[in-house]
Amino acid sequence: MNFRRCRTMIVEPVERAHFDLDALLAGGSGVGFEQSLQVRAAHLPAPCTVDAVSCLWLLQCSAEQWQPLPAEPQARQRVLALLEQGLLVSDDPAHAGAAAVEQQVRDSQWWPLSALHYQHSRWDGVDSVGDMERSQLMTAQDLVRSFGPPPAEAPARRSDARPLPRCDEDPMQAQLQARATCRNFDDARAVPLPMLARLLQQVLMAQAQVETEPGVRFLKKNIPSAGSLHPLEAYVVARNVEGLPPGLYHYHATAHELGPIAVPPGDLDSFCQRLLAGQHWFANAPVQLILVCRFERMFWKYRGHAKAYRALTLDAGHVSQAIYSAATAQGLGAFVTAAINEAEAERGLGLQPMAEGVLAVCGVGWRAAERVTAELDPLGQVWPVTR
Ligand SMILES: Cc1cc2nc3c(=O)[nH]c(=O)nc-3n(C[C@H](O)[C@H](O)[C@H](O)COP(=O)(O)O)c2cc1C
């Protein structure tokens, strides 16, 4: 068996505070600090704890040249332990799964720090609402109690600033003002398929294609995209769409059609609940749109590029704003969130980790008659102002 180090990894020295009775009895503060070294690899979803000797050895190990298992028992034991953690990869069929995932990251053109950031900011099994409730950080009052007041809502005005004219009667202003993130959906009222189709046509459909040379095509959409690459795909979770069986679909931007995908084990509702990390105010939207990036398309041009991942998240922001606008124009409520269990979506949609990935989830549907969960609507655009 031959082995080598995974190529992209970072060591994080972690210090965790803990109660130390001995330190307290000795007249100290009673707070001790436990140090550990955590290695984060771009192909592994969770950090691995390693001892200092193994860590130094790992850093010195080649990520390019294969080497045979050492004969010396202690060194051999160390290599086997690091192989078990996935920080080393081998050509042994027993480690083929880990080696294939690592190879996939090697072959991609991720900028290493972005790969580490994306991999380790993905959630799996997080219940964000439960976490917020447990830490009592649900409301603005909770936040102020814990953290003090926030920095000012806007920076100080300049004394030499020039006043600007206003154009309040512009119809576009009225349209933009009518948008508010919806956290109160009527999940019993179906969204007619033509309304969903219209939204997809306006936001995500390719309006035209440009072939720069044989087989090399760029799409023109109503939203901008870095490098005109349009690497974002939308997967539609149809919970309640009139004229469409409930299920998961992939939206095809050039064909303007929905391709069915096998629904993950369990029902659609529990998939949405897990996908949205427990945010029940979003999970019951009749339609969810999972924004998935085809990283390879983006990294074809932006190879190992420090700005590529930032540009991708900006692309996702443009999609979500356009979804808000298109939904609002049809009288539908909409939302966007990044507080999602990406790993859940990857499994459900059968995505290839680190080659394709989820950036955000949007949703649309009819608003409920009653506001149960808070929304930011101080101008009373959606809900009657209560004084
Ligand atoms: C990138 C992004 C992530 C968001 N994530 C959440 C979220 O996890 N949960 C939520 O309830 N709202 C989320 N929102 C909605 C914001 O809370 C909302 O935009 C903000 O409160 C302002 O309200 P408005 O959209 O009605 O103007 C998100 C918005 C954006 C742009």
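Expressed as a whole percentage, what fraction of the accessible surface of segment 2-107 belongs to carbon and sulfur atoms when a 1.4 Å probe is rolled over the protein heavy atoms? Intermediate values should be presented prior to the final figure.
Values: 3420 of 6170 Å².
Of the solvent-accessible surface of segment 2-107, carbon and sulfur hold 55 percent.
For segment 349-378, GluC sites (Glu not before Pro) are listed when DSSP marks them as loop and at most 11 other Cβ atoms sit within 10 Å of their Cβ; the list is Glu370.
Is segment 145-192 best put as rounded, prolate or oblate by its Cα gyration tensor, with a ≥ b ≥ c the root eigenvalues, rounded for a/c under 1.5, and otherwise prolate when a/b is larger than b/c, oblate when not? The partial results should precede the final answer.
Values: a/c = 7.31, a/b = 1.37, b/c = 5.35.
It comes out oblate by the Cα gyration axes.
Among the GluC sites (Glu not before Pro) in segment 141-215, those placed in a DSSP loop whose Cβ has at most 11 other Cβ atoms within 10 Å are Glu153, Glu169.
Give, as a single signed number, the net charge of other residues whose beta carbon lies under 12 Å from the beta carbon of Gln209, with Lys and Arg counted +1 and Asp and Glu -1.
Numbers: positive: Arg217, Lys220, Lys221; negative: Glu211.
Here the charged neighbours net out to +2.
For the chain, the per residue solvent-accessible surface stands at 55 Å², with DNA, RNA and ligands left out and a 1.4 Å probe. Peptide packing for 146-152, 4-10 was compared via the average number of neighbouring C-beta atoms within 10 Å per residue; ordered from the highest value, the list is 4-10, 146-152. Put a plus charge on the Cβ of each Lys and Arg, a minus charge on the Cβ of each Asp and Glu, and nothing anywhere else: the dipole of segment 305-387 about its Cα centre is then about 240 debye.
Note on His250: accessible area approximately 40 square angstrom, rounded to 10, probe 1.4 Å, nucleic acids and ligands left out. Each Lys or Arg adds one and each Asp or Glu subtracts one; over the other residues with Cβ under 14 Å from the Cβ of Val31, this totals -3. If you take all other residues with their beta carbon under 13 Å from the beta carbon of Cys293, and give Lys and Arg +1 and Asp and Glu -1, the sum is -2. 3J(HN,Hα) along segment 253-269: 6, 8, 8, 6, 8, 10, x, x, 10, 4, 6, x, x, x, 8, 4, 5 Hz, from the Karplus curve 6.51 cos²θ - 1.76 cosθ + 1.60 with θ = phi - 60°, whole Hz, x for Gly and Pro. Spatially, segment 62-120 and segment 261-312 are offset by 27 Å when compared through their Cα centroids.
By average Cβ neighbour count within 10 Å, what is the ranking of 20-27, 199-206, 156-163, 128-135 from highest down?
Numbers: 20-27: 10.8, 199-206: 21.0, 156-163: 5.9, 128-135: 13.2.
The peptides rank, most packed first, as 199-206, 128-135, 20-27, 156-163.
Axis of helix 193-203 versus longest Cα principal axis of the chain: the two differ by about 70°, to the nearest ten degrees.
Counting only alpha carbon atoms, the long axis of helix 73-85 and the longest principal axis of the chain meet at about 10°.
Springs between alpha-carbon atoms under 10 Å, Gaussian network over the chain: tell me which of Pro70, Pro155, Pro214 tops the mean-square fluctuations. Per the Cα network of the chain with a 10 Å cutoff, Pro155 tops the list. Considering only Ala46, Ala255, Ala81, the mean-square fluctuation computed in a Gaussian network model of the chain, springs between alpha carbons under 10 angstrom, is largest for Ala255.
The values are calculated or read from the model by the stated rules, or taken from the named source; none is laboratory data. Keep in mind it's a predicted model, so treat the numbers as computed, not measured. Backbone-built Cβ (ideal geometry, glycine too); neighbour counts: all protein chains shown. Protein only, heavy atoms only, side chains kept; ligands, DNA and RNA dropped before computing areas. Shrake-Rupley method; radii C 1.70, N 1.55, O 1.52, S 1.80 Å.
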